[in-house]
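J.: Questions regarding the structure given below will be posed in turn.
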Amino acid sequence: MIRVLLLGGTAEAGDLARALDAWPGYHLITSLAGRTTRPGEHHGELRSGGFGGVDGLASYLREQAIDVLIDATHPFAAQISRHAAETAARTGIPHLRLLRPAWTKRPGDRWIDAIDCADAAAKLPGLASRVFLTTGHRDLDAFAPLDHIWFLIRTIEPVAGPRPRLCCRLTARGPFAEADELTLFQEYSIDAVVTKASGGEATYAKIAAARRLGLPVIMIQRPPPSPGPIVQTTDDALTWLRQVRA
């Protein structure tokens, strides 16, 4: 029995867990960070919460007799990905990063690169007055000082902590349709979008809608990936896993 620890929280992790759950000879444990109160459907064994750094993750791998570690966390989950890579190197356990492709710029896109949320916030004054902000419920403090800009904030989880004074908050989970995003932008007179370069199909509709309307998009760039093998699709992850078992 091959014991697999899957660091999840993304659509790709769900697809991989669904596939592995049907494979004989594998025991799957999916670990979620615990930041989402409604994680949705899961397959195999489920745990929630952090590990306590590299030492804690290494102890968990030993205690659970884990044979393979697959990191399919969000592209911006830099800390857990770094810990996974360091733990795998320390323990010698085979480790893979499943990292979906980033979005690519198309004709008509008006992207402005930002290195982080603070940089994105600094680029907004003079660019826009009504902003669609979708960077996650934990990354709003950088925009709180912008008192003269109105924000439409959409998150999966309810917003807590510092946030812009002038805002309207929506909670919703993708996938989203381009027609609905167009309607949303027009209804709220949005004149710019701020988002992370997350990639994937579930939330791409906002990028397509911004292109259709000619809106600028401040695109917060991904952190560099941690060392180790990387694949971009669930099928490639399954191929890698077969090779590891062989």
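The values are calculated or read from the model by the stated rules, or taken from the named source; none is laboratory data. On a predicted model such as this, the values are computed, not experimentally measured, just so you know. Positions of Cβ are generated from backbone atoms using ideal geometry, with glycine treated the same way; all protein chains shown enter the neighbour counts. These area figures cover heavy atoms from the full protein model, side chains too; ligands, DNA and RNA do not enter into them. Shrake-Rupley method; radii C 1.70, N 1.55, O 1.52, S 1.80 Å.
J.: For region 99-112: of the residues being in contact with a strand residue (DSSP E or B) (Cβ under 6 Å, 6 or more places away or on another chain) and of a type outside the set (Val, Ile, Thr), which is nearest to Arg163 (Cα to Cα)?
T.: Across region 99-112, the extreme among qualifying residues is Trp111.
J.: Of all residues in region 141-151, which are surrounded by 14 or more Cβ atoms within 10 Å (Cβ to Cβ) and more than 22 Å from Ala197 (Cβ to Cβ)?
T.: Ala144, Trp150
J.: Go through Gly52, Gly9 for me and flag whichever is on the phi > 0 side of the Ramachandran plot, open to solvent by 30 Å² or more (accessible area, probe 1.4 Å) and touching a residue at least 24 places away in the same chain (Cβ under 8 Å).
T.: After ruling out the rest, the residue left standing is Gly9.
J.: Could you identify the single residue in Thr87, Thr10, Thr73 that is β-branched (Val, Ile, Thr), closer than 16 Å to Gly228 by Cα and in contact with a Ser or Thr (Cβ under 7 Å, 6 or more places away or on another chain)?
T.: Exactly one of Thr87, Thr10, Thr73 is β-branched (Val, Ile, Thr), closer than 16 Å to Gly228 by Cα and in contact with a Ser or Thr (Cβ under 7 Å, 6 or more places away or on another chain), namely Thr73.
J.: Moving to a separate point now. Among the listed residues Arg154, Arg138, Arg106, which satisfies the condition of being within 19 Å of the chain's Cα centre (by Cα), loosely packed, with under 14 Cβ neighbours inside 10 Å and not β-branched (Val, Ile, Thr)?
T.: Arg138
J.: Another question, if that's okay. Could you count how many residues in region 113-133 are in contact (Cβ under 8 Å) with a residue 40 or more places away in the chain, within 20 Å of Ser189 (Cα to Cα) and not in a helix (DSSP H, G or I)?
T.: Final tally of qualifying residues: 8.
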